[in-house]
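The structure under discussion appears below in the form of structure tokens.
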Amino acid sequence: MPRRITRRVRSRRPTDSTSSGQAFLAGRAWSYGAAYVLSLAATAFVFGSHLAAQDRNAGGPRFVVVLDAAHGGDDGGARLSNGQQEKAYTLALNVKLRSLLMARGISVVSTRESDVMVNPDRRAEIANHANAQACLSLHASESGSGVHLFVSSLAPVQGTRFLPWNTAQAAWVLHSMSLAGVMNSALGHAGMSVTLGRTALPAIDSMTCPAVAIEVAPERGANAQGDAEGPDGLDDPGYQARVAEALAAALVEWRQEAMGGHQP
């Protein structure tokens, strides 16, 4: 394999069109007011037009989502409060969410379907080869509350034919932020608390599609719907189902926006 620094990935070039919404989103800080919502709508519209045109010219699946269950094999991830390893939780969430998406007519590709190690480069390769319209990297944590959504911290750049492998996501960051906004809305509508942020994401940073890392933590406080004396834990089947249903709803909405409102 060539040295990582010289590796390039052929990009599905995002639209070169710019808008006031894109300029706003390119800033370092996220804002969650009305201006941010308008920015997401503007970016989603531009991206949706691009995907609708791409879909009319393609003979493959109309809309593909990649589910990336974090960890696996020798990499167990975090140890959760019930003794379960994070790798098992993310794989179970992957299976549940895949079933919900397929029932809604969405094609799904998983980076792993068993307890195996998959390195970050391979995860990115799977997502890029799938020509996905969204990738969700699934994680779990006992820290914090509710669902944490993370987008790559790479600075946005214009798309080019070939992109450096370890910063390919830079051409898609604005679309990833739009996807995170749709998920934030769906999760909030389902009564869950949501935290948004940006950070370095080794696998996602090499992906050429909208991509969001999702970290599920116990739901604490007023939004908890289980035992009044404690949070909705990661081992609570009802809580797991609520998270999966909300994510599925978000991806259905993302499909509607990305395909210009056209349903397959």
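The table for this structure:
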{"read-out": "Base-10 log of normalised Debye intensity for the range 104-257 (one unit scatterer per alpha-carbon) at q = 0.12, 0.16, 0.18, 0.19 Å⁻¹", "value": "-0.52, -0.90, -1.10, -1.20"}
{"read-out": "Potential extension, Asn131-Ser143 segment - 0.36 nm per residue separation minus Cα distance", "value": "1.0 nm"}
{"read-out": "Under Karplus coefficients 6.51, -1.76 and 1.60, residue-wise ³J(HN,Hα) of the range 180-197 in Hz, glycine/proline x", "value": "4, x, 5, 5, 4, 5, 5, 5, x, 5, 7, x, 9, 7, 10, 10, 10, x"}
{"read-out": "Placed amide H near Thr195: partners under 5 Å, 5+ positions off or other chain", "value": "Val147, His148, Leu149"}
{"read-out": "Footprinting exposure proxy for Ser141, Ser206 (fewest neighbouring C-beta atoms within 10 Å first)", "value": "Ser141, Ser206"}
{"read-out": "Karplus-derived HN-Hα couplings along the range 68-80 (A = 6.51, B = -1.76, C = 1.60, θ = phi - 60°), whole Hz, x at Gly and Pro", "value": "10, 6, 5, 6, x, x, 5, 9, x, x, 6, 8, 7"}
{"read-out": "Point-to-point label distance, Gln158-Thr199, nm (Cα→Cβ direction, 7 Å offset)", "value": "3.3 nm"}
{"read-out": "In range of the label at Ala103: residues from the range 171-207 whose backbone nitrogen is under 11 Å from the point 7 Å along Cα→Cβ", "value": "none"}
{"read-out": "Shape category assigned to the range 75-123 from the gyration tensor of Cα positions, a/c cut at 1.5", "value": "oblate"}
{"read-out": "Vicinal HN-Hα couplings computed from phi for the range 236-244 (Karplus, 6.51 cos²θ - 1.76 cosθ + 1.60; Hz; Gly/Pro x)", "value": "7, x, x, 5, 4, 5, 4, 4, 4"}
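Read-outs throughout are calculated quantities, based only on the coordinates presented, and are distinct from any laboratory measurement. Keep in mind it's a predicted model, so treat the numbers as computed, not measured. Counting neighbours? That spans all protein chains shown, and the Cβs are built from the backbone with ideal geometry, glycine included.
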